[in-house]
Amino acid sequence: MSPSPSRVFAELNAVRPPDEHSPMMGTAVVVGGSVAGLLAARVLSDYADTVVIIDRDDPQLPGARAGVPQGTQLHALLPGGLLQLERLFPEFRDQALAHGAVEAPPASRRNYLDGRLKVVVPDDANSLAGSRPLLEGLIRQQVLRLPNVKTVTARATGLVFDGTAVTGVRCDVGGVPGVESADLVVDAMGRSSKLSDWLERAGWERPVTRRMTVHLNYATALFRRPAVTPAPTVVLALHTPKMASDVAGAAFFAIEDGRWMAMMAGYGDNRPGRTGEDFVRRLREQFPPEFGDVAGQEMLGDVQTYHHADSRRRDFHALRRFPAGLVSVGDAVASFNPVYGQGMTAAALHAACLSTYLRSGPDLTVPAHQYLALQKVVVDAAWSISTSADLALPHVDGPYPRGHRITSWASRQIIAATVTDVATARRFNEVVSMQEHPLSLTRPGVLLGAMRANRRAR
């Protein structure tokens with residue numbers, strides 16, 4: 001009998017690297033050097049003699065990378081993701097703080113829903129605020145210091161097959177074709193991954209790709225932060241569809257180098273904050289006073305915009321035929337509406353799936369079905385969190401899962417109760433921070449507690 005998704009999720013959140021380096025393969029190749037690829041490389045470094053990261057971007061270049069077009073936007077490292085990073089890199093938190101990242105305990109965070117301030121959950125886990133280039137750069141430094149990890153600046157062009165197994169990656173190095181041989185290949189090419197095309201071209205099944213169109217428009221701006229940072233340091237304000245606002249929400253974080261990073265989002269044809277003047281005006285007029293305080297500071301540079309067309313997932317787990325020696329991680333498998341901040345944390349949990357799989361001593365000459373089953377639990381959890389909220393948006397027209405009306409009603413009860421009830425807010429926060437599986441919100445006691453809290457509030 002297979003363990004429940006909740007149990008699998010709990011075990012993944014508890015997984016730790018092995019105490020000793022225990023190679024079970026010669027070479028592992030990771031295609032893509034963003035967060036998901038780097039974390040996969042870190043896990044593989046415990047099980048391979050050599051780990052090769054193939055990426056088009058020079059890993060030594062600082063700042064936002066061309067391969068991460070959303071790198072200039074506000075990113076969240078959820079508590080579940082921070083926990084995984086600290087297990088892989090025990091000094092990560094201290095190093096991030098030393099480089100200017102800001103630790104945000106519960107008392108320094110504020111969360112608004114339709115203008116109402118939500119209760120603080122005193123025993124919530126701390127979060128860490130910093131720009132994507134800072135956090136990703138620190139992960140990259142840690143990984144590239146490992147003695148058995150090396151990088152190749154190249155463009156991956158395909159896979160090498162030997163019978164029913166992948167045995168290498170074809171790549172273009174400065175116009176010169178080459179091959180990186182491998183016992184295990186990890187696809188970390190992100191949303192634009194070519195793996196489905198490569199599989200189909202070689203006669204394998206192409207995974208079904210599911211999409212939910214959301215048409216999210218982001219705008220992010222930087223502001224100078226006072227020398228003495230006022231509390232709070234992390235503020236989020238979401239608008240539900242009943243607000244009838246052209247702004248879906250806004251947030252700001254204190255980040256490194258004495259800056260505020262502020263974000264504003266809208267859906268469909270709504271593109272709020274595309275100019276500096278519009279950005280500042282909306283922060284002052286349409287959000288709680290803390291946003292006006294940030295908008296009153298000096299804006300640093302121009303507003304950076306980004307469009308996210310859809311959430312998507314590639315169902316590798318459902319393939320009847322899949323080659324050995326191959327797995328995928330991160331956005332190459334599933335990418336979600338970024339307003340929920342799941343990306344880096346989901347990538348960290350994919351790394352936990354890979355660690356759990358390799359720890360079991362698998363036969364790498366057969367397909368990695370055990371890994372795909374573990375990863376499905378993580379993808380299902382993140383997908384249910386983001387898409388259940390997206391289905392409430394007026395411009396999103398499905399696909400609706402079975403029982404959507406009932407689950408949607410229950411979700412509204414729970415979300416409403418998070419404004420006033422600490423117990424409900426605690427359970428909800430554990431789920432959205434990807435420390436607990438969403439099934440924990442379906443327990444009768446949770447819904448009954450939320451309904452009682454809503455009656456008291458009324």
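Label 7 Å along Cα→Cβ of ARG456; region 418-448 residues with amide nitrogen under 15 Å?
418-427, 446-448
Would you work out the relative contact order for region 108-210, in percent, from Cα pairs under 8 angstrom that are 6 or more residues apart?
Details: 80 pairs, mean separation 12.6, N = 103.
Relative contact order for region 108-210 comes out at 12 percent.
Please identify the trypsin sites (Lys or Arg not before Pro) of region 94-195 that satisfy two criteria: DSSP loop assignment and at most 10 other Cβ atoms within 10 Å. Which are they?
Those that pass, being in a loop and sparsely packed, are ARG145.
Obtain the radius of gyration and the Kirkwood radius of region 1-149 from its C-alpha atoms and give Rg over Rh.
Numbers: Rg = 17.6 Å, Rh = 17.4 Å.
Looking at region 1-149, the ratio lands at 1.01.
Once R0 is set to 56 Å, what does the formula 1/(1 + (r/R0)^6) return for the Cβ-Cβ distance between ASN270 and THR164, expressed as a FRET efficiency to the nearest 0.05?
0.70
For a Förster distance of 30 Å, can you work out the FRET efficiency between the beta-carbons of VAL208 and VAL366, rounded to the nearest 0.05?
About 0.85, to the nearest 0.05.
Can you give the angle from 0 to 90° between the axis of helix 444-457 and the longest principal axis of the chain, with both taken from C-alpha atoms, to the nearest 10?
The angle comes out near 20 degrees.
Mind checking region 356-424 for trypsin sites (Lys or Arg not before Pro) that DSSP puts in a loop (not H, G, I, E or B) and that have at most 11 other Cβ atoms within 10 Å?
ARG402
Just tell me the longest site-free run in the chain, where the sites are GluC sites (Glu not before Pro) in a DSSP loop having at most 12 other beta-carbon atoms within 10 Å.
So the longest stretch without any such site is 92-297.
Hey, what's the Cα Rg ratio for region 77-213 versus the globular rule of thumb, 2.2 N^0.38 Å?
Relative to the rule-of-thumb radius for its length, region 77-213 sits at 1.47.
Accessible area per residue of region 216-264 at 1.4 Å probe, in Å²? Display every interim value, and only then the final one.
Numbers: 1750 Å² over 49 residues.
Heavy-atom SASA per residue in region 216-264 reads 36 Å².
Rounded to the nearest Å, what's the spacing between the alpha carbon centres of region 84-163 and region 320-384? Just the number, please.
If you average the Cα positions of each part, the centres end up 18 Å apart.
Calculate the spin-label point distance for ARG7 paired with GLU86, positioning each point 7 Å from the Cα along the beta-carbon direction, and give it in nanometres.
Distance between the two pseudo-spin positions: 2.8 nm.
If you place +1 on the Cβ of every Lys and Arg and -1 on the Cβ of every Asp and Glu, how big does the dipole about the Cα centre of region 83-148 come out, in debye to the nearest 20?
Dipole about the Cα centre, nearest 20: 180 debye.
Using 0.36 nm per residue, how much length does the chain from ARG56 to ASP246 gain when fully extended, once their Cα-Cα distance is taken away?
Extra length from ARG56 to ASP246 when fully extended: 64.6 nm.
For region 169-242, treating each Cα as an identical point scatterer without solvent, what Debye log10 I(q)/I(0) comes out at q = 0.16, 0.21 1/Å?
Those come out to -0.87, -1.16, one per q.
Per residue, how much accessible area does region 346-408 have with a 1.4 Å probe, in Å²?
44 Å²
Computed from the coordinates I sent, semi-axes √(5λ) of the Cα gyration tensor in Å equals one of (1) 42, 29, 18; (2) 36, 26, 21; (3) 38, 22, 20. Tell me the label.
The value matching this structure is (2).
Per the Cauchy relation, a quarter of the hull surface: what is the mean projected area of the convex hull of the alpha carbons in region 71-134, in nm²?
5.2 nm²
Using the structure shown, list the pairs from LYS194/LYS242; LYS242/LYS376; LYS150/LYS376 with a Cα-Cα distance above 31 Å, or answer none.
Numbers: LYS194/LYS242 40 Å; LYS242/LYS376 33 Å; LYS150/LYS376 29 Å.
Pairs exceeding the cut-off: LYS194/LYS242; LYS242/LYS376.
For a distance above 19 Å, tell me the whole-number percent of Cα pairs in region 94-167 that qualify. Spell out each step's value before the answer.
Numbers: 1735 of 2701 pairs.
Counting pairs separated by more than 19 Å, the tail of P(r) holds 64 percent.
Can you tell which of VAL15, PRO362, GLY178 lies farthest toward the positive end of the dipole of the chain, using +1 and -1 charges on the Cβ of basic and acidic side chains (Lys, Arg; Asp, Glu)?
After comparing all options, I get VAL15.
Would you kindly state how much longer the chain becomes between ASN126 and VAL228 on full extension, computed as 0.36 nm times their sequence separation minus their alpha carbon distance, in nm to one decimal?
34.7 nm
The values are calculated or read from the model by the stated rules, or taken from the named source; none is laboratory data. Because the structure is a prediction, the values reported are computed rather than measured. Glycine also receives a Cβ, built like all others from the backbone with ideal geometry; neighbour counts cover every protein chain displayed. In case anyone asks, the SASA skips ligands and DNA or RNA and just uses the protein heavy atoms, side chains included. Shrake-Rupley method; radii C 1.70, N 1.55, O 1.52, S 1.80 Å.
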